[in-house]
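Input: a single structure, listed below in structure tokens.
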Amino acid sequence: MDIKKVTGVYFSPAGSTKTVVETTVDELARLFKAECRYISLNTPSDRAQEYQFAPDELVVFGLSLIHISE
């Protein structure tokens, strides 16, 4: 498979997941000699958009997990 683009998609209210995704995507893009892009899902308008990905695109997802104890 010939990867031409690496995309990072993240939900990161505090910012730490965004940092991890960006670091991972940057390194993968360097290794594949591919371009990179980032998609934030932090706001309702971000999540309402429709995103499309190409067959030669590697997508990295990063989502924050929140544990609420009772």
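Might you check whether a residue that is among the hydrophobic types (A, V, I, L, M, F, W, C) and touching a Gly at 6+ places or on another chain (Cβ under 8 Å) occurs anywhere in the stretch 44-54? So far as the stretch 44-54 goes, no, none of its residues is among the hydrophobic types (A, V, I, L, M, F, W, C) and touching a Gly at 6+ places or on another chain (Cβ under 8 Å). How many residues are part of a loop (DSSP other than H, G, I, E, B), closer than 15 Å to Phe11 by Cα and open to solvent by less than 60 Å² (accessible area, probe 1.4 Å) when one looks only at the stretch 44-70? Qualifying residue count, the stretch 44-70: 1.
Given the condition at positive phi and over 16 Å from the mean Cα position of the chain (by Cα), answer yes or no: does some residue in the stretch 35-56 qualify?
Our first condition is that a residue be at positive phi; within the stretch 35-56, this holds for none.
Looking for residues that are at positive phi and over 16 Å from the mean Cα position of the chain (by Cα), one finds none in the stretch 35-56, hence no.
Looking at the structure I just gave you, is Gly8 modelled with pLDDT under 95 and open to solvent by less than 80 Å² (accessible area, probe 1.4 Å)? Judged against the criteria, Gly8 is not a match.
Just to be sure before I move on: is Arg37 part of a helix (DSSP H, G or I) and of a type outside the set (A, V, I, L, M, F, W, C) in the structure I sent? First the steps, then the outcome.
On the way: part of a helix (DSSP H, G or I): no; of a type outside the set (A, V, I, L, M, F, W, C): yes.
Judged against the criteria, Arg37 is not a match.
Filtering the stretch 12-42 to residues that are open to solvent by less than 60 Å² (accessible area, probe 1.4 Å) and not aliphatic (A, V, I, L, M) leaves Ser12, Gly15, Thr17, Glu22, Thr24, Cys36, Ser40, Asn42.
The values are calculated or read from the model by the stated rules, or taken from the named source; none is laboratory data. Computed from a predicted structure; not experimentally measured. Virtual Cβ from ideal backbone geometry, glycine too; neighbours counted across all protein chains shown. These area figures cover heavy atoms from the full protein model, side chains too; ligands, DNA and RNA do not enter into them. Shrake-Rupley method; radii C 1.70, N 1.55, O 1.52, S 1.80 Å.
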